[in-house]
Amino acid sequence: MRWLSPTQYATVEAAVDRLVPPDGAGAPGARAGGVADYIDGLLGAFTADPPRIWAGGPFSGRHGGDGAFDSFVPLGRLEELAWRTRIEGSQGRPEREWNGPVIGLQEQYRRSLERLGHDFTELPGEEQDALLDADTDFKALLHTHTCEGLYADPVYGGNRNGAGWRSIGFAGDRQPLGYTDVEVSGRD
């Protein structure tokens, strides 16, 4: 884990699985899809150097080519400032408050997970749903991150083994494909 405590991580796993449960037809739920790993990686992006914000490229290596997605791209000064403000908040620092104070994602998760309670994972599903419904802002944020984590490139921590992609019939990054001249031109 990069940023979440073990209890927070377990709560995130349970919460995201309430938002996107397994469908019984082979599509994983958000827990099996590794969404908590994605969220933990996003919140702890600056625990690595370079920060785990933008994967390299142009190829993942899954279908040939150099596996450059595994190397993250260093951020420029303004990019780092923007991402730190988004994730960590402004923290009273003037350079981060040019547009006013910002409550970062870390603080939003910290507060909301605290409101869900330390026993969230032990509650029946209906009670978990009621707690999530009581905090609509957090539920919306969690839903956004659940979708990102389930369908983003696996290098960001979620979409474990491409499970989210398989569930929607997406082959994932397919570069380099090695298209023929006919396929590129669209002529028979």
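The values are calculated or read from the model by the stated rules, or taken from the named source; none is laboratory data. What you see is a predicted model; the values in this text were computed from it and never measured. FYI the Cβ positions are ideal-geometry reconstructions off the backbone, even for glycines, and counts take in every protein chain you see.
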What is the residue count in segment 40-90 for residues that are part of a helix (DSSP H, G or I), without any contact (Cβ under 8 Å) to a residue 40 or more places away in the chain and in contact with an Asp or Glu (Cβ under 8 Å, 6 or more places away or on another chain)? 1
Name every residue in segment 67-125 that is closer than 28 Å to residue 154 by Cβ and among the basic types (Lys, Arg), in order of residue number. 84, 86, 110
Of (1) surrounded by 14 or more Cβ atoms within 10 Å (Cβ to Cβ); (2) closer than 19 Å to residue 150 by Cβ; (3) out of contact with any strand residue (DSSP E or B) (no Cβ under 8 Å at 6 or more places or on another chain); (4) not hydroxyl-bearing (Ser, Thr, Tyr), residue 104 fails just (2)
Considering only residues that are under 21 Å from residue 44 (Cα atoms) and among the charged types (D, E, K, R), look in segment 61-94 and name the one that is farthest from the chain's Cα centre (by Cα). 93
Filter result (at pLDDT below 90, in contact with a Phe, Trp or Tyr (Cβ under 9 Å, 6 or more places away or on another chain) and closer than 18 Å to residue 68 by Cα) within segment 146-188: 172, 173, 175, 176
